[in-house]
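Accompanying notes for the structure given below.
Please treat every number below as a calculation from the coordinates, not as lab data. Please read these numbers as outputs of a predicted model, since none were measured by experiment. Counting neighbours? That spans all protein chains shown, and the Cβs are built from the backbone with ideal geometry, glycine included.
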Amino acid sequence: MTETPAFLVRFFRRTYLIEIMSEPPFNLQEHLAACFPMREKYTDCTGTEVSFVISVRSLPVGFIVEANEISDSGLVYDYGYEFSQAAEVDPFKALGILRRKIRKALSRRFLVEEDGKVQMAADELDGVISDRGLVIDGDLVPWDEIQRMLTTCEGFPIKIVIGDRFL
């Protein structure tokens, strides 16, 4: 196997560097500003369309991509669905993960209405803690309703897991 002559190696390195330096620099912040905020619609398990505004925030190290449920007029609901995903380098990878989170969350319901009262659909609840209650299935369920629902399960064991909202 013959070795490449040194003058050719220098020539190709110089040519490659000239090509790289002649391309316009990629400005991620400008690209993000052109792409975000964006609006997207998803269909939940009942066939209802749910609209979101998706935005990105730059952090000292990385990005946070957030999705908030919005009304038809474009206003963010106080206690609607909220999703977020952190990214150290690529906010568009985080966007893909966020979209999967949204689809998964909208694919099932934790609450049903029976006899005019909100009940657990099964033996599991998933939501977000608020000062006024829990946001479950995109709706605020006041603490007194949570207490009423859990009272029907008196004597059964319970496990509460508080997770990281960015995972």
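What is the log10 of I(q)/I(0) for the range 28-106, computed with the Debye formula using one identical point scatterer on each Cα and no solvent, at q = 0.20 Å⁻¹?
Values returned for q = 0.20 Å⁻¹ are -0.87.
For the range 41-57, just list the computed ³J(HN,Hα) in residue order, Karplus coefficients 6.51, -1.76 and 1.60, θ = phi - 60°, integers in Hz, with x standing in for Gly and Pro.
Calculated HN-Hα couplings, in order: 10, 10, 9, 8, 5, 9, x, 8, 7, 10, 9, 10, 9, 10, 10, 10, 10 Hz.
Taking the Cβ-Cβ separation of residue 38 and residue 164 as r and a Förster radius of 25 Å, what is the calculated FRET efficiency to the nearest 0.05? Each step should come with its number before you reach the end.
Numbers: r = 24 Å, r/R0 = 0.98.
Calculated transfer efficiency: 0.55.
Among the GluC sites (Glu not before Pro) in the range 58-167, which ones are in a DSSP loop with at most 15 other Cβ atoms within 10 Å of the Cβ? Mind listing them? Show your work: numbers first, answer last.
Numbers: sites: 66, 69, 82, 88, 113, 114, 124, 145, 154; in loops: 88, 124, 154.
Qualifying residues, ordered by number: 88, 124, 154.
Return the sequence-ordered ³J(HN,Hα) values of the range 142-148 in whole Hz as given by the Karplus equation 6.51 cos²θ - 1.76 cosθ + 1.60 applied to θ = phi - 60°, using x for Gly and Pro.
Calculated HN-Hα couplings, in order: x, 4, 5, 5, 4, 4, 4 Hz.
Can you give me the three principal axis dimensions of the range 24-156 from its C-alpha atoms, in Å, biggest first?
65, 30, 23
On a full-extension model of 0.36 nm per residue, what is the gain between residue 147 and residue 117, subtracting their alpha-carbon distance, rounded to one decimal in nm?
Values: separation 30, 0.36 × 30 = 10.80 nm, distance 1.28 nm.
My answer for the length gained is 9.5 nm.
Suppose the chain between residue 27 and residue 104 were pulled fully straight at 0.36 nm per residue; how much longer would it get relative to their current alpha carbon spacing? If you can, show how the numbers build up before the last one.
Numbers: separation 77, 0.36 × 77 = 27.72 nm, distance 3.28 nm.
Net length gain for the segment: 24.4 nm.
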